[in-house]
Amino acid sequence: MEFKFAIEGGNFSKAGSASSEVKKILKQLNVNPKIIKRTVVSLYEAEVNVVAHAFEGNMNVDIDTDKIVVKIEDKGPGIPDIDQAMQEGYSTASPQVREMGFGAGMGLPNIKRNSDQMNITSKVDVGTELEIINYFG
Amino acid sequence: MVKVADMVDRLNARVICGSSDMDQEIQFGFASDLMSDVLTLDTENLLLITGLNNLQTIRTSEMSDISFILFVRDKKATEEMKELACENEITLIECGHSMFRACSILNEIGLQPVY
């Protein structure tokens, strides 16, 4: 099953709506609730990152019998140093993002913690591609 | 374990959404205005105590399987927040205490810290 959701940069009132849709689908498929939670927490963190940092993005979801593969691509400033961005506490978030309860530099490390596989590539001034894979078994 | 009804009574709080869950018992409390920290928890049966009243408080709870949110410092949930909470069967409670006082009362009646 494949699904595609658009993510609007800067629109915090809609941040989380794509992850919420994925949660509903996984619940309907009777996936283990602990795996649903791990998956949607990582997707939500990624979605908030797009809203907080990029101009626009997409969440492409591919659900198989044994796993979910999600690719989140955005057009935006990109990440100059991914190793630095993976460190807990490192953040370039704006004051507006911090007012929303984010921007503590926990996003990417938390995505890694909540996914079985995480791959990230980024080009400065082009955008970022993040792949999250979680297995149901 | 503390009954939701007992927490509401001791805090002199108001349930503004999801009042059918009053007999449910909750084991843990976590107090934070930082949703990034809330998203790192893997504890079940948890009350989120927060002063952050925006839509992302509800979204964070939805993703984290948190069914009860207590707003402190007299923070009011917006209509949009109530709608999203109801849709996700999340109970919203408001009280006028500071976060420190609310946590102190809840701990006194048996609500446990996550760590």
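The values are calculated or read from the model by the stated rules, or taken from the named source; none is laboratory data. As the structure is a computational prediction, the values presented were derived from the model and not from experiment. With ideal geometry, Cβ positions are generated from the backbone for all residues, glycine too; neighbour counts draw on all protein chains shown. Note: areas computed on protein heavy atoms with side chains; ligands, DNA, RNA excluded. Shrake-Rupley method; radii C 1.70, N 1.55, O 1.52, S 1.80 Å.
With θ set to phi - 60° and the Karplus curve 6.51 cos²θ - 1.76 cosθ + 1.60, what are the ³J(HN,Hα) couplings of region B:88-102 in order, to the nearest whole Hz, using x for Gly and Pro?
9, 6, 9, 8, 10, 10, 10, 9, x, 6, 5, 4, 4, 5, 4
Per residue of B:33-44, count partner chain C-beta atoms within 10 Å of its C-beta, then hand back the mean as an integer. It would help to have the intermediate numbers written out before the result.
Details: counts 2, 6, 9, 15, 4, 2, 14, 9, 1, 6, 0, 3.
Per residue, the number of nearby Cβ atoms from other chains is 6 on average.
Rounded to the nearest 0.05, what FRET efficiency do residue A:8 and residue B:108 have when you use their Cβ-Cβ distance and R0 = 51 Å?
Details: r = 45 Å, r/R0 = 0.87.
In this case the efficiency is close to 0.70.
Which value, in Å², gives the accessible area per residue of region B:2-113 when a 1.4 Å probe is used on the protein heavy atoms? The partial results should precede the final answer.
Values: 4850 Å² over 112 residues.
Here the residues of region B:2-113 average 43 Å² of exposed surface.
Using a 7 Å offset from Cα along Cα-Cβ at residue B:76, what residues in region B:1-39 end up with backbone N under 16 Å from the label point?
Only B:14-17 pass the distance filter.
As a test question: what accessible area, to the nearest 10 Å², does residue B:97 have when a 1.4 Å probe is rolled over all protein chains in place?
We get 50 Å² for residue B:97.
Over region A:33-110, what number does the Rg to Rh ratio reach, with both radii from the alpha-carbon atoms and Rh per Kirkwood? Write out the running numbers ahead of the final one.
On the way: Rg = 13.3 Å, Rh = 13.5 Å.
With Rh from the inverse mean 1/r over Cα pairs, Rg/Rh is 0.98.
Could you calculate the contour length gain from residue A:90 to residue A:125, that is, 0.36 nm times the residue separation minus the distance between their Cα atoms, to one decimal place in nm?
So the extension gain works out to 10.6 nm.
Under a 5 Å amide H to amide H cut-off, with H placed in plane at 1.01 Å, what residues pair with residue A:54 once short-range neighbours are removed?
Distant-sequence amide H within range of residue A:54: A:10.
Working with all protein chains in place, sort B:95, B:86, B:103 by solvent-accessible area computed with a 1.4 Å probe, largest first. Walk me through the numbers on the way to the answer.
On the way: B:95 0, B:86 75, B:103 45 Å².
Per-residue accessible area, sorted high to low, gives B:86, B:103, B:95.
Output wanted: per-residue J couplings in Hz (rounded whole) for region B:29-45, from phi through Karplus 6.51 cos²θ - 1.76 cosθ + 1.60, θ = phi - 60°, x for Gly and Pro.
x, 9, 10, 6, 9, 9, 5, 4, 6, 4, 6, 8, 7, 10, 8, 9, 6
How long is region A:2-135 along each principal axis, judged by its Cα atoms, biggest number first, in Å?
If we take the Cα atoms of region A:2-135, the spans are 39, 29, 26 Å.
Quote the charge dipole size of the protein assembly as shown about the Cα centre in Debye, to the nearest 20; the model charges only the Cβ of Lys and Arg (+1) and of Asp and Glu (-1). Mind dumping the intermediate values first?
Numbers: 24 positive and 38 negative charges, 64 e Å.
So the dipole magnitude of the protein assembly as shown works out to roughly 300 debye.
Is the shape of chain B best called rounded, prolate or oblate, per the rule: a/c under 1.5 gives rounded, else a/b larger than b/c gives prolate, else oblate, with a ≥ b ≥ c the square roots of the Cα gyration tensor eigenvalues? Provide the component values of the computation, followed by the final result.
On the way: a/c = 1.29, a/b = 1.15, b/c = 1.12.
Rounded is the answer for chain B, as its axis ratio a/c remains below 1.5.
When the Karplus curve 6.51 cos²θ - 1.76 cosθ + 1.60 is applied with θ = phi - 60°, which whole-Hz ³J(HN,Hα) does each residue of region A:18-23 get, with x for Gly and Pro?
Each residue of region A:18-23 in turn: 5, 4, 5, 4, 5, 4 Hz.
Would you pull out the residues with amide H under 5 Å of residue B:3's amide H, same chain only if 5 or more places away, H placed 1.01 Å from N?
B:26
To one decimal place, what Kirkwood hydrodynamic radius in Å is obtained for the protein assembly as shown from all pairs of distinct Cα atoms? Don't skip to the answer; put the middle values down first.
Values: mean 1/r = 0.0538 Å⁻¹.
Averaging 1/r across every pair of different Cα atoms and inverting gives 18.6 Å.
Roughly speaking, what is the centre-to-centre gap between region A:1-39 and region B:1-69 when only Cα atoms are used, to the nearest Å?
21
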